[in-house]
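Here is the structure we will look at, set down as C-alpha cells.
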Amino acid sequence: MKSNIINSNTKAYLFLTLAALFWSGNFIVGKAASTYEIPPFSLNFYRWFFAFLILFPFTYKEVINKKDYVFENLGLFIILGITSITIFNSIVYYSLYYTQVISGILMISTIPVWILFFASFLKIEKTNLFQILGVILSLTGVLFIVTKADIQLIKELEFNKGDLSMVIGMLSWAIYSALLRKKTHPISQLALLEIIIICGFIFLVPIYFIEMSFGNKIVLGLPFILTLGYVVLFPGIFAFLFWIKGIDIIGANRSGVFLHLMTIFGALMAIVILGEKFMFYHFLGAIFIIAGITLSNKSKKNA
C-alpha cells in the first residue's frame, strides 16, 4: 500500500515537473521566434488553431451534448477565452520580441499572488493581511524588473515595452485563473479547454488579419514548423494533460508549488541556451517576488 502511494507520488511529481518544463520552454521558443521574425500574433493564431484540431475528435461529442450549458455560460467562457487564449498567449510572444526571457518569466511567477488578489476583488474568495502584503511585495518585485532599478529610467519614463506588455499578460492570466475558480463546470477538463480555445480563437482571427495587413506574414520554413510544432504539442497539449494528471493524483494545492519550477527552468535555459545574463535588478525583483509568494502561501495554509 505504502509503495503504491510512493509510486503514485513519483508519477505525479514527474508529470508536474514536465508540465513546468514544457511551459518554461514556451518562453525560450517564443524568444527564438522573435529571432526568426515569426509574427507573434500569427504564431499564437496557428498554435491554437492546431490545438483545436487535435482536441476536436476527443471533445466534440461532449461539447455538443453540453451545448445548453455552454450557451447558458457563454459570457463567462468568452471572458475566459479572451483573457487566456487571445490576450495572455499573444502578449507573451509579443513581449519576447523586446524583453529578456528572465524578466518575463520572473513577472509571470507572480501570477499565483495576483490570482488571490483578483479572486478577492471579484468576491470569489476572501483575502487577508498576508495576501495584501504578498501582492504589495510581488508588485514591488515586478517594478524593479520593469524599471531595471534605474532612477533615471523612471524619471524619463522610458520603459521597455516588452516588460510593460508582459505586465498586461500577467494580469490577464490572473483574471482568467480567478474566474476559473468561480464555479465547477459539469464537463471534462479537455472539453472545457476546447470551449475556451474556441471562444478565444474567434477574437484571434481579426488580430491575425490585422497583423498580416501590416506586412507581418508567416514564412513557411523549418524555423516556423519547429516552433509551431513545439508550442502546439508541448505547452499547448502535453503540459496541460500532465498538469491535470498530476492534480488528479496529489491535489491542486500540492501541485501549485510546481509552477515555481518555471522560474528556475526558464532562467537556466535562458542563460544556457540564449546567453542571457542574470542582472542585479533581476536579483532584487526575485527577492521581493519570492517574499510575496511566501506570504500568500502562508495565508492559504493558515486559512
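The values are calculated or read from the model by the stated rules, or taken from the named source; none is laboratory data. Because the structure is predicted, anything quoted here is derived from the model rather than measured. When we count neighbours, we look across all protein chains shown, and the Cβ atoms used for this are built from the backbone with ideal geometry, even at glycine. These accessible areas exclude ligands, DNA and RNA; they are computed on the full protein's heavy atoms, side chains included. Shrake-Rupley method; radii C 1.70, N 1.55, O 1.52, S 1.80 Å.
Taking segment 174-295 on its own, what percent of its Cα-Cα pair distances exceed 17 Å?
The share of Cα pairs beyond 17 Å in segment 174-295 comes to 75 percent.
Over segment 4-49, consider all pairs of different Cα atoms and compute the Kirkwood hydrodynamic radius from their mean reciprocal separation; express it in Å, one decimal.
For segment 4-49, inverting the mean 1/r across all distinct Cα pairs yields 12.6 Å.
Testing the spin-label approximation: label points 7 Å from Cα along Cα→Cβ at residue 244 and residue 273. State their distance in nm.
A separation of 2.5 nm, rounded to one decimal place.
Give the accessible area for residue 184 in Å² (nearest 10); use a 1.4 Å probe, count only protein heavy atoms, and leave out ligands, DNA and RNA.
130
What Rg and what Dmax come out for segment 133-194 when only alpha-carbon atoms are used, in angstroms?
Computed over the Cα atoms of segment 133-194, radius of gyration and Dmax are 17.0, 53 Å.
Could you derive backbone 3J(HN,Hα) for segment 206-215 from the dihedral phi with the Karplus parameters 6.51, -1.76 and 1.60 (θ = phi - 60°), listing whole Hz in sequence and x where the residue is Gly or Pro?
My calculation for segment 206-215 gives x, 5, 4, 6, 5, 4, 5, 5, 8, x Hz in order.
Would you please name the chymotrypsin sites (Phe, Trp or Tyr not before Pro) within segment 196-297 that are DSSP coil residues with at most 15 other C-beta atoms within 10 Å of their C-beta?
Those that pass, being in a loop and sparsely packed, are 214, 278.
Under the Karplus relation 6.51 cos²θ - 1.76 cosθ + 1.60, θ = phi - 60°, what is the ordered set of whole-Hz ³J(HN,Hα) values for segment 260-267, x standing for Gly and Pro?
Karplus-based 3J(HN,Hα) across segment 260-267 equals 5, 5, 4, 5, 5, 4, x, 5 Hz.
Counting only protein heavy atoms and a 1.4 Å probe, tell me what percentage of segment 1-86's accessible area is made up of carbon and sulfur.
68
Starting from the 7 Å offset along Cα-to-Cβ, what nm value, one decimal, do you get for the label separation of residue 181 and residue 7?
With each label placed 7 Å out from Cα toward Cβ, I get 3.5 nm.
What's the longest piece of the chain with no exposed trypsin sites (Lys or Arg not before Pro), counting a site as exposed if DSSP puts it in a loop and it has at most 16 other beta carbons within 10 Å?
Within the chain, the longest run free of exposed trypsin sites (Lys or Arg not before Pro) spans 1-122.
I'd like to know how segment 87-135 sits against the 2.2 N^0.38 Å rule of thumb: what's its Cα Rg over that expected value?
Rg over 2.2 N^0.38 Å, computed on Cα atoms: 1.40.
Grab the alpha carbons of segment 163-222, take their convex hull, and tell me the volume per residue in Å³. List each step's numbers first, then the result.
Values: hull volume 8.5 nm³, N = 60.
Enclosed volume per residue, from the Cα hull, is 142 Å³.
Within segment 159-303, how many Lys pairs that are eight or more residues apart, or on different chains, come under 24 Å at the alpha-carbon?
The result is 11.
Can you sort 244, 198 by 1.4 Å-probe accessible area, starting with the largest? All intermediate terms of the calculation are to be shown ahead of the outcome.
Details: 244 40, 198 65 Å².
Result of the area sort, largest leading: 198, 244.
What whole-number value in cubic angstrom gives the convex hull volume per residue for the C-alpha atoms of segment 31-158? Spell out each step's value before the answer.
On the way: hull volume 20.0 nm³, N = 128.
It comes to 156 Å³ per residue, whole-number rounded.
Tell me, what HN-Hα J-couplings in whole Hz come from the Karplus equation 6.51 cos²θ - 1.76 cosθ + 1.60 at θ = phi - 60° for each residue of segment 172-189, using x for Gly and Pro?
My calculation for segment 172-189 gives 5, 5, 5, 5, 4, 5, 5, 5, 5, 7, 4, 8, 8, 8, x, 9, 5, 4 Hz in order.
Under a plain spin-label model, where a point goes 7 Å from the Cα along Cα-to-Cβ, how far apart in nm are residue 222 and residue 287?
So the two model labels end up 4.6 nm from each other.
What translational D, rounded to a whole number of µm²/s, comes out for the chain from Stokes-Einstein when the hydrodynamic radius is the Kirkwood one over Cα pairs, at 10 °C and 1.306 mPa s?
Taking Rh from Cα pairs, D becomes 79 µm²/s.
Which three extents, in whole angstrom, do the alpha-carbon atoms of segment 93-241 cover along their principal axes, largest first?
Extents along the principal axes, in whole Å: 49, 49, 26.
Just need log10 I(q)/I(0) for segment 20-69 at q = 0.15, 0.19 Å⁻¹, Debye formula, equal scatterers on the alpha-carbon atoms, no solvent, rounded to two decimals.
Relative scattering, expressed as log10 I(q)/I(0), comes to -0.59, -0.75.
Could you give the length gained by full extension between residue 36 and residue 168, i.e. 0.36 nm per residue of separation minus their alpha carbon distance, to one decimal place?
45.1 nm
Hey, got a sec? Which GluC sites (Glu not before Pro) in segment 1-77 land in a DSSP loop and have at most 14 other Cβ atoms within 10 Å?
Those satisfying the criteria are 37.
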